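**Q** Quick one: this structure, given as structure tokens, is what I'll be asking you about.
What follows is calculated from the coordinates using simple rules that are stated; it is not laboratory data. All figures in this text were calculated on a predicted structure; none of them were measured in a lab. Reconstructed Cβ throughout: ideal geometry from the backbone, glycine too, with neighbour counts over all protein chains shown.
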Amino acid sequence: MSELYHQLLDATIQHLEDLKSRGVRFVPVSPEAVSALTQTSKPAAAARPQPAPRPAPAPAAAPRPIAPTPLARPAPAAPAPRPVAPPTPAPPAAPTLSPEAKAAAIENLRQRVLPCTTCSHLANSRQTVVFGVGSIHADLMFVGEAPGADEDRLGEPFVGAAGQLLTKIIQTMGLSRETVYIANILKCRPDTAPGAPGNRKPTPAEMQTCIPYLQEQIDLIRPKVIVTLGATATEGLLHLTGISRLRGNWQTYRDIPTMPTFHPSYLLHNNDLAEKRRLWEDMLLVMAKLGLPISTRQRGYFLK
Ligand code: URA
């Protein structure tokens, strides 16, 4: 697919994520748009036999769920992703800490993060500071963008609807929330206007302020693989934009192999099997990199 196609796709994904973070659950899509999207996939579809195209849904007065995107899309040709800021230099080789020293260092960091008021607007609006959860000895670390309302209330990352999907993904990989580590770029929930539904995307300034804490977490935990969840976390950590091209392609953060993938919230209301498969293929790459066993059943998830 062309560069323009990927730019449009990224813009669409970003727009849908923004809408969703503002509480929008459905967007109306005209039958003409659905039909045009179906046409977009035709050249790729010619490569192998395809089922008959699905009929476009009839127009309705009420808003409908987001229309499925074309199922057939070849692996992206992946022109070089666009850097938006200089990458963070890798740290000097960290001394290997004993489990006790590592636990003490993480606890010390937590004690510095919990009372943080650097972003006074966030300190004033938050209920809790969401530090991170899981094993500090984990080989695999997931990085999201920021706590939502549920996470802010409970003080734990990824416990809302998107979190439940992430938990399922982790379990499908044969792991558990207790054996991986989960953290966010921002430790505080981005504030929203009183009564406003949904979440707000963190600003670049908020991410820049908070990311040293995540960097310290990563330097202490030293996972073997990092997964960035969604466009915002990927941009915050890797300074790269274009999640639809980046996903499935290994990057490096401070010498650690890092896999960008979709945010689970993107898939929550998107029933497109092909998009689920793309995220799952990213997880298969992660499992292979970690040397985890992959069953035939696991290899086949979300294929028709
Ligand atoms: N989305 C995120 O990026 N992080 C969370 O902790 C919850 C939802």
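**Q** Which cross-chain or sequence-distant (5 or more) residues have an amide H under 5 Å from the amide H of residue 227, H modelled 1.01 Å from N in plane?
**A** 141, 142, 143, 259
**Q** Residue-wise, which Karplus ³J(HN,Hα) couplings in Hz belong to the range 101-106, taking 6.51 cos²θ - 1.76 cosθ + 1.60, θ = phi - 60°, and x for glycine or proline?
**A** For the range 101-106, the Karplus curve yields 5, 5, 4, 5, 5, 5 Hz.
**Q** Another question, then. Greater than 29 Å separation of Cα atoms is the criterion. Which listed pairs, 224/276; 201/304; 102/187, meet it?
**A** 201/304
**Q** Would you pull out the residues with amide H under 5 Å of residue 241's amide H, same chain only if 5 or more places away, H placed 1.01 Å from N?
**A** Placed amide hydrogens put 82, 84 under 5 Å from residue 241.
**Q** Would you report the distance distribution of C-alpha pairs in the range 207-257 as whole percents per 10 angstrom bin, up to the bin with the largest distance?
**A** 23, 58, 18, 0
**Q** Taking amide H atoms as placed 1.01 Å from N in the peptide plane, list the residues 5 or more away in sequence, or in a different chain, whose amide H sits under 5 Å from that of residue 158.
**A** 148
**Q** ³J(HN,Hα) across the range 293-300 via Karplus (A = 6.51, B = -1.76, C = 1.60, θ = phi - 60°), whole Hz, x for Gly/Pro?
**A** With coefficients 6.51, -1.76 and 1.60, one gets x, 10, 7, 4, 4, 4, 4, x Hz.
**Q** Further question on the same structure: From the P(r) of the range 259-304, can you give the percent of Cα pairs sitting at distances over 13 Å?
**A** 56 percent
**Q** For the range 171-259, state which trypsin sites (Lys or Arg not before Pro) are in a DSSP loop and have at most 15 other beta carbons lying within 10 Å of their beta carbon.
**A** 224
**Q** Provide Rg over Rh for the range 138-204; use the alpha carbon set for both Rg and the Kirkwood Rh (inverse mean inverse pair distance).
**A** 1.01
**Q** So which GluC sites (Glu not before Pro) in the range 136-184 end up in coil per DSSP with only 16 or fewer other C-beta atoms within 10 Å?
**A** In loop regions of the range 136-184 (DSSP not H, G, I, E or B), the sparsely surrounded GluC sites (Glu not before Pro) are 178.
**Q** State, in angstrom, two size descriptors of the range 152-304 derived from its alpha carbons: Rg to one decimal place and Dmax to the nearest whole number.
**A** Gyration radius and largest Cα-Cα distance of the range 152-304: 15.6, 49 Å.
**Q** Which whole-Hz ³J(HN,Hα) couplings does the range 262-276 yield from phi under the Karplus relation 6.51 cos²θ - 1.76 cosθ + 1.60, θ = phi - 60°, glycine and proline marked x?
**A** These are the phi-based 3J(HN,Hα) values: 5, 6, x, 5, 5, 8, 4, 10, 10, 8, 6, 4, 5, 5, 4 Hz.
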